[in-house]
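Rule-based calculations on the coordinates, nothing more; no lab input. Bear in mind that the values here come from a model prediction, so they are computed numbers and not experimental data. Glycine gets a Cβ as well: all are built from the backbone with ideal geometry, and neighbour counts include every protein chain shown.
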Amino acid sequence: MKSDVVEVSPGKIQNHNVYLNENNETKVKLEFSRGIILQGTTGDLLFNITTSTKRRIIALYIPPEFRVPSLKCIWTSITNDYRYISLSTVSDRDPIAPKWQKILISNGTSNINPGSHFIRVFNVTAPNIVGRYFFKVYIDGFSIGAKNFPTIVVSADPNPAYISGTIRDGDKYSINYGKPINLNYPQGGKVIAEGVTLDGRIIIAQAFFNASAMGKYTLYGLAAGTYRLTASAAGYSNTTKPELITVVSGQSLEGVDIYLLPSPRIEGTVWSKCNGMLQSWGSITAYTGPEDGAALVYIGTGIFPNHDYIYAFRGGGSSDFFRYDSILNKWEQMRSAPGPVGSGASLAFDGSRYIYALQGGGSNGFWRYDIINNEWETLTNTPTIINSGGSLMFAGLLYAFVGGSSTGFLGYDPTTNQWIRLQDAPFPVNSGASLAFNNKDNSIYAFVGGGLQAFLKYNPSLDQWIALQNIPATVNSGGSLTFNSVNGLLYAFSGGNNVNFYFYDPNLNLWCSIANIPVNVNAGGALIFDSYNTHLYAFVGGGSFFFYSYDVNLNLWNAMADFPSTSPRPITIEICDSLGNTEYFIQGFTTPSSDKFDFKYDGLTNLDGHIPQDESGYISGITPGTYIIRVWVNQYIQPTVIQLFDGTEINGVLINLPDYEVTQYIQIDVQKTGKAEIIVHFKDPISKNEVSLDYPKTISISLYDHNRVLRARNSTRVPAGSRSGLVILTGFLGTLRDYGLPADTYLISVTIDGFYQRSDEFITLSGCNSISRMSLTVFKAGSLKLTIYSIDNQNPALFVPWRYGHLKPSPPIKVEVRDKYGVEIVATNFTSQKPNVYYATVSISGLRSGEYSIFVFTYGYVQPESYYVSIMDGVIVDMAVNIVVGGELKLTIVLEKENILSIIDTYPYSFYVPLRIQVLDMYGRFAAANTTYVSFNQNAFTIQLAGFRNYAGSYTEQRWINYYDATDGNIQNDYGLANGLYTFIIFLPGFMQSEIYITVNVSQGGSSGVIVHLDRLAHLSGYVYSFDKFNEMVPLNWVIVDVIGEKSTYFTSTLDGFFDLWIEKGAYLTVISLNGYNSNTQAIFLPNGSDTSIEVILKPLN
């Protein structure tokens, strides 16, 4: 990717950041003290991310030692819609930054324009552990490069010292003794300094190094004192340097070397046994190649550096999920999908962490796969079932064809987990349909399949389709389309049992034939572009195992590793300490024809993201002592039981590692277990007769042992018309800790949409290779068919077309079925407002007998009445709900500076300025809100509100430094404005309402307007400096600036010595303070709309 640049404040030295690629280490050591922050202080982080071309999503990783309080402390110039901003803590096994905080930002489109974009994180607490830190940035799933990560030094003293040296091999019996330790990428190491200052403060510092550093480290930010140094590295045990190290203020101490001893190692063999006798592992199952429903999606190298991944569904009614590494030319099996996938199944990557999936095969199943943790999650079902021609792709939102000869086209918002209906396709969509996103023109290109040659282009911003030049051949099963983001061309299979292969030039609207693929393409054919090596990859479908790559430059197809025909058993070896805490996981696959699995453990432990590189790596090794080895394989158990010190019993074996540099060998037996085959019958609860499924459904069964611990779960897809379904359970499969089913009696829990299990059922399993069979019955639950009518506010009321059905995308209508008290949500479903009609229908199944309340939420409407319904098992209940068109509020906003009309001169980040309006009803409840942008050169504009529409955020009255408005991202239910009185608050950077408590009377179905004046605030800015021990002036970071007035108090912190605040006119007292320095206090008067600057020098206390 082209170079993107990231800067961070504070941390700049003479207006420049220090990056990880700093070639002149001596310069860093000499100058780092000019841009430090002090440990334990509080302030802001300002990131300036300059993108070189259009981008979709930005991921910013912040080390866990920095504490970001909440999402409400994050502001960005990229968007003011908090649906597209998130804050999370990543998992402890994350391949990029374990346990770090992750800020994820997009703008709801695929178009973050080239240029500078800002992210400001407020009220961050600096680490108590001092040292040099850096921030990782990934854009569209790719690292900007570790060498471009900006750094900042956290210091224990304004005049810090540093210690540097080399970590060396301490094995006296090795030829490497005394040499810098030699690590393999991505492993690294760590040095900790623990010391006490002259005034009794305890100081901890840390430094990390990567494999290319050859053991060199530097501990930055030390206060004067005496320290004990401890070092570790991947495969080397923690070692403390025997001598204490003393430094004075500002000292540079080099050549402090530490010798490490290699960790003990473990080698072993796991034996497969059945009733004590050796038995080959066997396969989980045998497969055909990709069939109808097969799909490919490109992930690339962004999440797992040094791997270039493509993920795939096999299709054909299986739930098999695989990934392919183009660097290794190797397939591996991943965790199975939540259910079997069929025709119309499709995959789409969000550019960050998740793959989204349509289940297809006549279902409305919709899932999300967590790439990092190898886990699936079930999301809100698609509004209609997905059949042949279903297709899914990501372009800020997800877009989907529903297929099955329908023209339906849907959008999905990942932040709200809601589907919306978009403009229908111009032609029915069938087998061979495909979608591809062109990030050059931000358009979606599409085949509709079904034997048609039609080729279409969709504009997401206009919700509009246009027809393009037809493809030269008819498109049938196996048709596929992908976009080459390097050369800007689209490539396509036409499918239908032929070898045709084409490219399309969007600039010329022209198709061209190119080298045919060697094998005919049938149902299950798929095509994807790999931006890492600029090749295309393809399934040919029809059950074939062939997998091909296409070299765009050579116009040449090449056969790659065949798609897997058998599935070996995944196996995990877990190394634990004597307390049962995990040190390391070894993951692999058994060989089906073998009865053993050999493993080797080199003593690595402690996965960490602080190593100065793109990805995480291990930074330590184990020490001599007692360890536990646990083995995890599907349909196997480890029979040996160990009692831990706290009395807990776990399965595993003990191994004693007596010394450093020792390799200990161990043999471990695992015993094969039995399986359960359970047939589930579907019956009507009233007649007790078997019933047929109206449409395909998924049966999920869980087994719980006698302690009610979950021991197995599996599901199967049952086609429409079925009266029963079979589910086979062998334990856990596709998890990090797969396992079998020990001999026991298990409680059976069955889940299937629209049915319920009337009573507890049990099944008893025996030992190796035994099969326990049983059948049980589930009964049809009740269903609700709801018709929602749009009515006006007259008496008697009249039906009126949906008032906002013309909006793009169409506003969703959410129906919540709650308990009779209106508290607990029992079920939810969605439909949408459509133009020129006055009703919408939605069905909700799976409701048990009882009384429920109904709540309807949609933009611009209110539900004035309470609705209740009684449901009976096995019965479909029809019901109607009326919702009333709400009122509209039109705010005309006038901007003034010193009572004269003014344009917006307060926003340096863009020509378009963010605006947020919040509305409260007469009871002080949050009733409506809107976020938008206005041009900087406007001095008056009108904004219309009719309630909530896809709004994320709770009500807030405060802005950071009275300028940056941020919310908590809580999703509000779409709704309208009921009859009543309303007040509002308007946030525009650098402006404030002259009258806060303006009241407006709003009537349902009517429109009310009001003129609001915003006054330009006074702008107070300045710089804070001090003198270091060499009497050189340096900017101070995270100095607290308090501005105290009669009515209000404001505060901020300095960034590279600079601060600014936006304040109402008046007299104020400024208090400027930082721990370790004398405070500065002065009185100032700020005229209305003025710009005032001050400069302050703080003197150290000593």
Checked the stretch 286-566 against the a/c 1.5 cut and the a/b vs b/c comparison, axes a ≥ b ≥ c from its Cα gyration tensor; verdict rounded
So what does log10 I(q)/I(0) come out to for the stretch 888-1016 at q = 0.11, 0.13, 0.19, 0.21 Å⁻¹, using the Debye formula with one equal point on every Cα and no solvent?
-0.36, -0.51, -1.10, -1.32
For the chain, any Cys whose C-beta has no other cysteine C-beta under 4.7 angstrom counts as unpaired, and these are CYS73, CYS512, CYS576
Under 12 Å Cα-Cα from LYS1029, which aspartates and glutamates qualify once same-chain neighbours fewer than 8 residues away are excluded?
ASP157
Please go through the residue pairs LYS72/LYS136; LYS29/LYS216; LYS147/LYS179; LYS697/LYS834; LYS99/LYS147; LYS273/LYS330 and name each one whose alpha carbons sit more than 18 Å apart in this structure.
LYS72/LYS136; LYS147/LYS179; LYS697/LYS834; LYS99/LYS147; LYS273/LYS330
Cut-off 9 Å between beta-carbons: net charge of the residues surrounding GLY315, Lys and Arg +1, Asp and Glu -1
-2
Lys/Arg +1, Asp/Glu -1 at C-beta; the chain dipole; positive extreme among PRO685, ILE900, LEU1055:
PRO685
VAL631 neighbourhood, Cβ < 13 Å, K/R = +1, D/E = -1, net charge +2
GluC sites (Glu not before Pro) in the stretch 188-293 lying in a DSSP loop, each with at most 12 other Cβ atoms within 10 Å of its Cβ, come to GLU243, GLU254
Across the alpha-carbon set of the stretch 1-155, Rg over Rh with Rh taken as the Kirkwood radius works out to 0.95
Distance in Å, no decimals, from the C-alpha centre of the stretch 582-640 to the one of the stretch 1018-1083 is 52
Using label points projected 7 Å from each Cα along Cα→Cβ, tell me how many nm separate THR1081 and PHE545, to one decimal.
8.2
For the residue pair SER593 and TYR839, what label-to-label distance in nm results when each label sits 7 Å from Cα along the Cα-to-beta-carbon direction?
6.7
At 0.36 nm per residue, minus the direct Cα-Cα distance, what do ASN937 and SER565 gain on full extension? Give it in nm, one decimal, please.
127.5 nm
Checking rank on 1063-1076, 602-615, with mean other Cβ inside 10 Å and highest first, the result is 602-615, 1063-1076
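For MET922, MET393, which order do you get if you count the other beta carbons within 10 Å of each Cβ and list the fewest first?
Values: MET922 12, MET393 25.
Result, fewest neighbours first: MET922, MET393.
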Averaging sequence separations of C-alpha pairs under 8 Å and six or more residues apart, then dividing by the length of the stretch 888-1016, give the relative contact order as a whole percent.
34
So in the stretch 675-780, what percent of DSSP beta bridges are antiparallel if you round to the nearest 5?
75
DSSP-defined beta bridges in the chain - what % are antiparallel, rounded to 5:
85
In whole angstrom, how far apart do the alpha carbon centroids of the stretch 266-284 and the stretch 331-350 sit?
30
Give a quick list of GluC sites (Glu not before Pro) in the stretch 872-956 that DSSP marks as loop, anything other than H, G, I, E or B, with at most 10 other Cβ atoms within 10 Å.
none
Charge sum, other residues only, whose C-beta stays under 12 Å from VAL154's C-beta, Lys/Arg counted +1 and Asp/Glu -1:
-1
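Report the relative contact order of the stretch 675-780, percent, no decimals, based on alpha-carbon pairs under 8 angstrom and at least 6 residues apart. Kindly include the intermediate steps, with their values, before the conclusion.
Details: 257 pairs, mean separation 37.4, N = 106.
Here the relative contact order equals 35 percent.
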For the stretch 463-556: rounded, prolate or oblate by the Cα gyration tensor [a/c cutoff 1.5]
oblate
Option label - semi-axes √(5λ) of the Cα gyration tensor in Å computed here, alternatives (1) 58, 47, 24; (2) 48, 45, 29; (3) 63, 41, 37
(2)
Charged-residue dipole, Cβ positions (Lys, Arg, Asp, Glu), the chain about Cα centre, Debye nearest 20:
1060
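Going by how many other Cβ atoms sit within 10 Å of their own, how do SER77, SER343 line up, fewest first?
Starting with the residue having the fewest Cβ neighbours, the order is SER77, SER343.
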What chymotrypsin sites (Phe, Trp or Tyr not before Pro) does the stretch 872-914 have in DSSP loop regions with at most 14 other beta carbons within 10 Å?
PHE911
I'd like the distance separating the alpha-carbon centroids of the stretch 458-513 and the stretch 361-406, in whole Å.
22
Relative contact order computed over the chain (Cα-Cα under 8 Å; 6+ residues apart), in percent:
9
